[in-house]
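Quick notes on the structure that follows.
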Amino acid sequence: MLQRFTVVSLIATVLLGILFGEIAARIATDYALRRQAHAFATYVSEFAAPRLVPKDFLSPAENARAQFEFTLRSLIGRANIIHITVWNRNGEVLYSDGGTQVGTAQPVSSPIQRALDGTLTWRFVSPNDGGTDTRRRMEVFVPVVVSADTRPVAVYHVVSDLADLEPTLIRITWAMRASVVFGVLLLYLALFTIVRQASRDLEGQQGALRQAFIGIIRSLANAVDARDKYTADHQSHVAAHCEAIIHEMGLDSTIVAEVQVVALLHDIGKIGIRDEILLKNGKLSPEEWEAMRRHPIMGYEILAPVPIPESAKLAIRHSHERWDGTGYPDGLAGDEIPIAARVVFVADAYEAMITDRLYRRAMSPLRAIEELQRGAGTQFDPEVVGAFLRIMRRQTGAMRTIRSAHRRADHRDLAARIAEKFSAPSPNGQSHEPADTPQESRLPKS
């Protein structure tokens, strides 16, 4: 999560820094141009004011041409001024040093109209297309106000060269961009440091809680094992088998933790079983067997207030359901049984069969694996049994095959016999009797 936050937040920070830097650069550039436009307006107005009188702007263009020529011609070349044109309020050209014909009425552009309304206006002029002059220029529209009239009587249209100002604008633009991006990155580093420290603290707390939770789970499992000395460490062994099966089947890694909890606590309900039933040396009576069959339900009820996923609690409840639907307590069948319960059922049965109990002696690992294969498709999930058999084959390092599943062979060839016989489970288990779970083997014969 911290890595994802780092990447996403860094990208977002850089993009925001660039955006804010561009906005800041535009604001700074606009401010500099505004200052430049006011400087041009002040310079032109102060230069022309002593030389031009109100009647020069109100007279016909032919009458005032000489005065404008005498006054404004000397401005060309000063303060980077390139061209000057004078417009009256009627849209007539009173003076122009360029190609605009004096005395003619021209369409009034929006910048000129805003200037006639009394607003100082400016804009950029793009370089001439196809020309050799690539310099940027600025047009400034200066309102001309005389004392006799509150409204502007004319507009100075000044075109200036930005050759001296443009390097300064470029420096200002990049300085603003860099400073804003750098500032945003500093803020990001500060926030990232805080988040990283908080994440580490949270991970430490989660780790402590996880260890405490695991400790509680193992304590509950040990409490079950303590009821029966013959099942000591049984849950831990079952959990180890379950984890290997989950990885072998390629299931989601999130299921591993759930299966481990189910493996450790699937027999927690035995705490509620009376000792004379749980530790009985011999077959159980029908009434005792009925009481024993309730331990998955008891386990589910014991864990009801515990903050573990509901799916884990249901898997504990159904950890003794059979693939063919004849299990207990609810008679679920096939895929109706939670995958965690199906995995635990196989691992639990194997561990139970290779462990000495009060009512029987332990089977050999080979015989226990034979029983698992016989029960595949009836008692156990065939896919789970197949995964478990592949694990056992790799653990034994078997390289040779056996000729018969039921014929006793030399114990020195045990690994090879397991490899051939149990490389795959029976497809439906119809040709064999299903394996007995520890409690089922104690059920009285009819």
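The values are calculated or read from the model by the stated rules, or taken from the named source; none is laboratory data. What you see is a predicted model, and the numbers here were worked out from it, not measured in a lab. Neighbour counts are summed over all protein chains in view; Cβ atoms, including those assigned to glycine, are modelled from backbone coordinates with ideal geometry. Keep in mind that these areas ignore ligands, DNA and RNA; they rest on the heavy atoms of the full protein, side chains included. Shrake-Rupley method; radii C 1.70, N 1.55, O 1.52, S 1.80 Å.
Listing for the model above:
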read-out	value
Answer residue from region 310-326, given it is open to solvent by 10 Å² or more (accessible area, probe 1.4 Å) and within 21 Å of Met249 (Cβ to Cβ) and is nearest to the chain's Cα centre (by Cα) among those	Ser311
Region 27-53, subset basic (Lys, Arg) and at pLDDT 85 or above, residue least open to solvent (accessible area, probe 1.4 Å)	Arg34
Residue satisfying all of: in region 258-272; open to solvent by less than 40 Å² (accessible area, probe 1.4 Å) and either touching a Lys or Arg at 6+ places or on another chain (Cβ under 8 Å) or among the polar types (S, T, N, Q) (or both); nearest to Pro329 (Cα to Cα) among these	Gly269
Any chance Ala41 is hydrophobic (A, V, I, L, M, F, W, C) and in contact with a helix residue (DSSP H, G or I) (Cβ under 6 Å, 6 or more places away or on another chain)	no
Number of positions in region 81-119 that are polar (S, T, N, Q) and open to solvent by less than 60 Å² (accessible area, probe 1.4 Å)	6
Conditions (1) touching a helix residue (DSSP H, G or I) at 6+ places or on another chain (Cβ under 7 Å); (2) in a helix (DSSP H, G or I); (3) closer than 23 Å to Gly375 by Cβ: number failed by Leu284	(2)
Any hit, region 127-150, residues being at pLDDT 80 or above, assigned to a loop (DSSP other than H, G, I, E, B) and in contact with a strand residue (DSSP E or B) (Cβ under 7 Å, 6 or more places away or on another chain)	no
Among residues of region 338-376, those that are open to solvent by less than 20 Å² (accessible area, probe 1.4 Å) and among the β-branched types (Val, Ile, Thr), counted	4
Restricting region 21-63 to residues that are outside any helix (DSSP H, G or I) and either farther than 18 Å from Leu116 by Cα or of a type outside the set (S, T, N, Q) (or both), the residue that is nearest to the chain's Cα centre (by Cα)	Ala49
Qualifying residue in region 170-178 (condition: in a helix (DSSP H, G or I) and either of a type in the set (Phe, Trp, Tyr) or open to solvent by less than 50 Å² (accessible area, probe 1.4 Å) (or both))	yes
Matching residues, region 287-308, being open to solvent by less than 100 Å² (accessible area, probe 1.4 Å) and part of a helix (DSSP H, G or I)	Glu288, Trp289, Ala291, Met292, His295, Pro296, Ile297, Met298, Gly299, Tyr300, Ile302
Selection status of Arg342, basic (Lys, Arg), within 36 Å of the chain's Cα centre (by Cα) and under 24 Å from Met298 (Cβ atoms)	yes
Verdict on Asp335 being within 33 Å of the chain's Cα centre (by Cα), open to solvent by 20 Å² or more (accessible area, probe 1.4 Å) and either farther than 18 Å from Leu372 by Cβ or β-branched (Val, Ile, Thr) (or both)	yes
Pairs, first farther than 22 Å from Ala291 by Cα and small (Gly, Ala, Ser) in region 307-330, second assigned to a loop (DSSP other than H, G, I, E, B) and open to solvent by 20 Å² or more (accessible area, probe 1.4 Å), C-beta under 8 Å, six or more apart	Ser311/Pro338
Count of residues meeting criterion [surrounded by fewer than 16 Cβ atoms within 10 Å (Cβ to Cβ) and part of a helix (DSSP H, G or I)] in region 151-169	3
Contacts under 7 angstrom Cβ, first residue in region 74-94 being under 19 Å from Ala115 (Cα atoms), partner among the small types (Gly, Ala, Ser) and part of a loop (DSSP other than H, G, I, E, B), 6 or more apart	His83/Gly98; Thr85/Gly98; Glu92/Gly103; Val93/Gly103
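Results for (1) charged (D, E, K, R); (2) within 25 Å of Arg151 (Cα to Cα), shown as yes or no for each residue.
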{"position": "Val14", "(1), (2)": "no, no"}
{"position": "Arg34", "(1), (2)": "yes, yes"}
{"position": "Val44", "(1), (2)": "no, yes"}
{"position": "Val53", "(1), (2)": "no, yes"}
{"position": "Ser59", "(1), (2)": "no, yes"}
{"position": "Gln67", "(1), (2)": "no, yes"}
{"position": "Pro107", "(1), (2)": "no, yes"}
